[in-house]
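Take a look at the structure below.
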Amino acid sequence: MPSYAVLLKGVNVGGKKKVSMTDLRELLANLGFTNVKTLLQSGNAVVTTTETDQRDVVRQIERGITDRLGMDVRCLTRSGPELRAVIAANPLREIATNGSRMMALFLSAAPDPAALAANDPTTLAPDTIRVGDRVVYHWCPDGVLEAPNVSAFLEKHLALVVTGRNWNTVEKLSAALQT
């Protein structure tokens, strides 16, 4: 059975969309997911399911959050192999020396090539941003708050859902999917 990392967008950030990890685990288990584990307090979970279509997994989780918690929360998923590929393809590993300042901005879909060419996020910080496969790598040497808001840029110009995780979290989620 496939396992997925569940990445909820905007949960428990800045006092908005508060979801306890106990409630999230319970919700995911009640939706039929097994081996449910949460990571940190920012809307990360790992689940196992019989469902092989990740779009259906996303729809089921988003609907469950709306129906049971009364919140509109977007969700993205990645399989273990997909997360390992993100880690292996990191083009900024030589300069990104602090996992809390290295971001992986996960995209809901591959960007339209024409839209990406017209709205290239690397122009915001050419030395610290790279586009990958449904992910944008962003090294924030002075901290995330001092860096360009690449997520907002991507959502505005590419019409995609974007949710970011720091590199430490990406590695922890990948490791959790290997157990």
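Rule-based calculations on the coordinates, nothing more; no lab input. Predicted model, so just to flag it, every value in this text is computed and none were measured. Reconstructed Cβ throughout: ideal geometry from the backbone, glycine too, with neighbour counts over all protein chains shown.
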Original post:
How about Lys37: which lysines have a C-alpha closer than 28 Å to its C-alpha, ignoring those fewer than 8 places off in the same chain?
Top reply: Lys9, Lys16, Lys17, Lys18, Lys172
Original post:
Where the Cα atoms of the chain are projected onto their three principal axes, how long is each span, largest first, in whole Å?
Top reply: 45, 31, 31
Original post:
Got the relative contact order for segment 3-79 handy, in percent, Cα pairs under 8 Å and 6 or more residues apart?
Top reply: 40 percent
Original post:
About its Cα centre, how strong a charge dipole does the chain have in debye, to the nearest 20, once Lys and Arg get +1 and Asp and Glu get -1 at the Cβ?
Top reply: 380 debye
Subject >> segment 106-116 - phi-based ³J(HN,Hα) in whole Hz, Karplus 6.51/-1.76/1.60, Gly and Pro as x >> reply: 7, 10, 5, 7, 5, x, 4, x, 5, 5, 5
Subject >> With at most 15 neighbouring Cβ atoms within 10 Å, loop trypsin sites (Lys or Arg not before Pro) (DSSP) excluded, longest segment of the chain >> reply: 94-179
Subject >> Selection from Ile61, Asn30, Leu158 lying farthest towards where the dipole of the chain points positive, charges on Cβ >> reply: Asn30
Subject >> At 0.692 mPa s and 37 °C, Stokes D of segment 1-41 from Kirkwood alpha-carbon radius, µm² per second >> reply: 294 µm²/s
Subject >> J(HN,Hα) series, segment 28-35, from Karplus relation 6.51 cos²θ - 1.76 cosθ + 1.60, nearest Hz, glycine and proline x >> reply: 5, 5, 5, 7, x, 6, 10, 6
Original post:
Based on Cβ point charges of +1 for Lys and Arg and -1 for Asp and Glu, what charge dipole magnitude is obtained for segment 81-177 about its Cα centre, in debye rounded to the nearest 20?
Top reply: 240 debye
